[in-house]
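Right, one structure below, let's go through it.
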Amino acid sequence: MKCEICTKKECSKKQKNDDTQSTSVDAVSSSDGFEEKNEFHTLANAKILLSDCLACDNCMTSEEGARVFQQNQKELFRILNLNKKCDTSKHKVLAVSICPQSLPYFAAKFSISVNDAAKRLCGFLKSLGVHYVFDTTIAADFSILESQREFVQRYQRRNQEEHALPMFASACPGWIRYAERVLTNLVTSHICTAKSPQQIMGSLVKGYFARQQNLSPDKIFHVIVAPCYDKKLEALREDFYTALYNSQEVDCVLTSGEIVQIMEQKNVSMKDVTEVAVDSLFHEIKEGDVVRHDGKRSDGYLEHIFKHAAKELFGMDIKEITYKALKNKDFQEVTLEKDGETVLRFAAAYGFRNIQNMVLKLKKGKFLYHFVEVLACPGGCLNGKGQAQTEDGKPDKALLNQMEEVYAAIPVRLPETNVHVQKLYQDWLEGMDSKKVQETLHTKYSAVNQTASNLDIKW
């Protein structure tokens, strides 16, 4: 089977999916404390197809493959059942963090408002036995703020450091995996070092929140609800593992669609679920209405970094950004002119057709952009393959259009205005320029050793 994404000779992803599922699912089912074998026997496992992500043999090891397939609904219920046992030493505090791009899916699918979707999803999860349900917007605040600062620093060093610019966004794990495993040193030095919102949320839950609750990180089982399957791969990264506590920052990722499968298995409609306010990381405070960042279908790194850079570097206060579509709607650019000169040139490149064209220009030395927001999914994060798909695996365009309308109507909150973020910088991270900020909110992206079969890419 030809891999249409990374252009390798063969892609064994589907075969691996078929071969691995039976053994990995058996391993999960036989784990200590899993008693609901029959009640959830029809739950789908983490099927990852060619159109879903990059996780073919060229990008995923066999060990990673087995661990990805274990990140399914049955793993959630294994922990829930452990918590029912009398042996309290094996109990876990179960925390679920929900990505902002998942909420429009639930809102559109069940024809409710996005605020109702957040509260009803929280109510459903807590009815299962989840202790805390969080919104990951605060983690995206941190990720955007750190990315803004890094871009300004890179821009100021552009004449001294060869790889300072362009800077590529680091929030999309599919793009990151592709860059590290396939594009290697050509690209990795250009990737922003700020962690993705998912992994910053992992640091918040297993770091700050655990300390507030006087819990060891390994006593928390942290689940992310996300739009795409690549988030499962991201959670497995070695740099997001704490050896001291034998704990990952994120223990399990479930897609929005997998949550709906649990609802269907339990014969529960979102409209019938009791509304429960979403939890905050800060003691007894509850979250208010849902907010988002600038950007039509993602966390808006391009818009936030562009406006910040315009102000910090050129003293220009930009209120509205004008996108110029180039070859297609998923490759757009934004420019800033001062005194007749183009001083900033940003781009949004969504989907692998545009990513490949972008990298080809970089290889030829014809790359004009200072920053690129790169996302693996055409259409951005709302079009993640873990949601808004038809039964044959194709995008549900009508539902996606509804999701985009729901997302666009959510009020925008600037990361700089979040008082909790500013407080955490001081109380938890010891200041914005501290060593702890670098250790907690940043990571390193580097080329992974390639095998011979990984070297036959033809652009």
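The values are calculated or read from the model by the stated rules, or taken from the named source; none is laboratory data. All values reported here derive from a predicted model rather than from experimental measurement. With ideal geometry, Cβ positions are generated from the backbone for all residues, glycine too; neighbour counts draw on all protein chains shown. Calculation scope for accessible area: heavy atoms of the full protein, side chains included, ligands and nucleic acids excluded. Shrake-Rupley method; radii C 1.70, N 1.55, O 1.52, S 1.80 Å.
Here are the numbers for the structure shown:
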{"quantity": "FRET efficiency, THR274 to SER434 (Cβ-Cβ, R0 41 Å, nearest 0.05)", "calculated": "0.45"}
{"quantity": "Hull shadow area, averaged, the range 249-324 [alpha-carbon convex hull, nm²]", "calculated": "9.6"}
{"quantity": "Filter on LYS327/LYS444; LYS296/LYS364; LYS109/LYS266; LYS84/LYS423; LYS85/LYS126; LYS119/LYS232 - keep pairs with C-alpha separation over 28 Å", "calculated": "LYS327/LYS444; LYS296/LYS364; LYS84/LYS423"}
{"quantity": "Förster radius 35 Å - calculated FRET efficiency between LEU186 and TYR245, Cβ distance, rounded to 0.05", "calculated": "0.45"}
{"quantity": "Cα→Cβ-extended label distance, 7 Å offset, between ASP427 and PHE282, nm", "calculated": "0.7"}
{"quantity": "Percent RCO, i.e. relative contact order, over the range 59-441, from Cα pairs under 8 Å lying at least 6 residues apart", "calculated": "22"}
{"quantity": "Computed accessible area, CYS381, all protein chains, 1.4 angstrom probe, square angstrom", "calculated": "40"}
{"quantity": "The range 288-344: proportion of alpha-carbon pairs further apart than 20 angstrom, %", "calculated": "32"}
{"quantity": "Accessible-area order (highest first, 1.4 angstrom probe) of the listed residues GLU161, GLU234", "calculated": "GLU161, GLU234"}
{"quantity": "Approximate spin-label separation ASN328-LEU313, in nm, with each point projected 7 Å along Cα-to-Cβ", "calculated": "2.8"}
{"quantity": "For the range 379-440, diffusion coefficient by Stokes-Einstein and Kirkwood Rh (Cα), 10 °C, 1.306 mPa s, µm²/s", "calculated": "107"}
{"quantity": "Dipole moment magnitude, nearest 20 debye, the range 236-331 about Cα centre, only Lys, Arg, Asp, Glu C-beta charged", "calculated": "660"}
{"quantity": "Loop trypsin sites (Lys or Arg not before Pro), the range 252-300, which have at most 13 other Cβ atoms in a 10 Å radius of their Cβ (DSSP)", "calculated": "LYS266"}
{"quantity": "Proportion of all alpha-carbon pairs of the range 181-314 beyond 27 Å (%)", "calculated": "38"}
{"quantity": "GLU320/HIS420 FRET efficiency (R0 35 Å; Cβ-Cβ; nearest 0.05)", "calculated": "0.80"}
{"quantity": "Apportionment of accessible area to carbon and sulfur, the range 59-441, percent (1.4 Å)", "calculated": "47"}
{"quantity": "Rh (Kirkwood; distinct C-alpha pairs) - the range 302-459, Å", "calculated": "19.2"}
{"quantity": "Whole-angstrom gap from the range 293-352 to the range 173-220, using each part's C-alpha centre", "calculated": "25"}
{"quantity": "Additional length obtainable on full extension of the chain from GLU63 to ARG353, 0.36 nm per residue less Cα span", "calculated": "101.5 nm"}
{"quantity": "Percent of Cα pairs exceeding the 41 Å cut-off, where the set is the range 59-441", "calculated": "11"}
{"quantity": "The range 102-202 - accessible surface per residue (Å², probe 1.4 Å)", "calculated": "26"}
